[in-house]
1. Is segment 64-72 home to any residue that is under 30 Å from His212 (Cα atoms) and among the acidic types (Asp, Glu)?
2. Could you grab me the full set of residues in segment 190-215 that are of a type outside the set (Val, Ile, Thr) and surrounded by fewer than 16 Cβ atoms within 10 Å (Cβ to Cβ)?
3. Starting from segment 207-223, keep only residues that are polar (S, T, N, Q), then list their pairs with residues that are surrounded by 15 or more Cβ atoms within 10 Å (Cβ to Cβ) whose Cβ atoms are within a distance under 8 Å, requiring at least 6 positions of separation or different chains.
4. How do the pairs read when you match residues in segment 84-110 that are at pLDDT below 95 with residues anywhere that are in a loop (DSSP other than H, G, I, E, B) and within 13 Å of the ligand (Cβ to nearest atom), using Cβ under 8 Å and keeping only pairs 6 or more apart or on different chains?
5. List the number of the failed condition for Phe234; all other conditions in (1) under 16 Å from Ile84 (Cβ atoms); (2) under 19 Å from the mean Cα position of the chain (by Cα) hold.
6. Take Phe267 and decide whether it is touching a Gly at 6+ places or on another chain (Cβ under 6 Å), surrounded by 14 or more Cβ atoms within 10 Å (Cβ to Cβ) and in contact (Cβ under 8 Å) with a residue 40 or more places away in the chain.
Amino acid sequence: MTDSGDGASAPTSLDTTKSKAYGDFLHLDQLLNIQHRFNGAHDELLFVVIHQTSELWFKVILHEARAAVANIRKDDLRTAFKMIARITRIQAQLSQAWEVLGTMTPNDYLAFRDELGDSSGFQSYQYRMFEFMLGDRQAANFAPHQHHPHIADEINGILAAPSLYDEAIALLHRNGFAIAPSQLERDWSKRYQRHPSVHDAWQAVYRENTRHWELYEFAEKLADLEDAFQNWRFRHMRTVQRIIGEKRGTGGSSGVSYLKRALEREFFPEIIDIRSTL
Ligand code: HEM
């Protein structure tokens, strides 16, 4: 350290053993050498980095989501709230990334588009795990991963257990709300279907919010999370529209119209529904 005289001191990098520590700890040699380029087009680097950083954030999100579910299961909502809030902020950060990608023109993208072949974010298994963990479970979205045993095992593990929303419903039950047995024990791999008992329970929480404050706060945290996820989907769709218009996606979908439809897929349906009946 060198003292500047005002009490603030800057680190010195004279000690070469220490100056290596940062790069070693972060494995920078590896990290900064995996941005492989396809054909040398200028915008490839941005394209690769934005996907890689998104995947790193998905990794953190999954770590937080797993812990949040475990904490809800043991009724430790305060700890789960912190984790859900963090996921929501990471989602906001990911949505901000579309601003950067929006600087890529159709021409910039076309300069390397053919090199992508049929690879697409549609095949992002971490993204799919995130959707599945929250509760948006669509069997068709598992298809691209079932031929990769270690990924398929992990996804099957997620699908065999209740989602974050299923855990929220079980929590309502533990707090004395009359939830239909069909919602407490079911085939978790199947997509969640709205149920009147769940609607009534959330409605009761909101109607007497001061009495059920923690559950009310929990529901609002889930609403934040749903909002943040939908914002990401919306910004993705708009950015894609700006770059490829109505062309088909590299993954083979109809492109923007597919992404618009994805916006209709919900995570915590009754929590949004009850706003119309309060
Ligand atoms: C030039 C930039 C991009 C374009 C043109 C683009 C285009 C598309 C299109 C057309 C789809 C629909 C599936 C298909 O046919 O391929 C899709 C899906 C997807 N993309 Fe992108 N994308 C871009 C950037 C990104 C980035 C930076 C991420 C971040 C990880 C991402 C993640 C995803 C995910 C997760 C899906 C699946 C969505 C779902 O199934 O609901 N994309 N993308």
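1. Taking segment 64-72 as the starting set, the residues that turn out to be under 30 Å from His212 (Cα atoms) are 64-72.
This time we only want the ones that are among the acidic types (Asp, Glu), so: 64.
Yes: segment 64-72 contains one or more residues that are under 30 Å from His212 (Cα atoms) and among the acidic types (Asp, Glu).
2. Filtering segment 190-215 for residues of a type outside the set (Val, Ile, Thr) gives 190-197, 199-204, 206-209, 211-215.
Answer for segment 190-215, where residues must be of a type outside the set (Val, Ile, Thr) and surrounded by fewer than 16 Cβ atoms within 10 Å (Cβ to Cβ): Lys190, Arg191, Gln193, Arg194, Pro196, Arg207, Glu208, Asn209, Arg211, Trp213, Glu214.
3. Asn209/Tyr216
4. none
5. (1)
6. Values: touching a Gly at 6+ places or on another chain (Cβ under 6 Å): yes; surrounded by 14 or more Cβ atoms within 10 Å (Cβ to Cβ): yes; in contact (Cβ under 8 Å) with a residue 40 or more places away in the chain: yes.
Taking the combined requirement at face value, the residue satisfies it.
The values are calculated or read from the model by the stated rules, or taken from the named source; none is laboratory data. Note that the coordinates shown come from a computational prediction; the quantities given were computed from them, not determined experimentally. Glycine also receives a Cβ, built like all others from the backbone with ideal geometry; neighbour counts cover every protein chain displayed.
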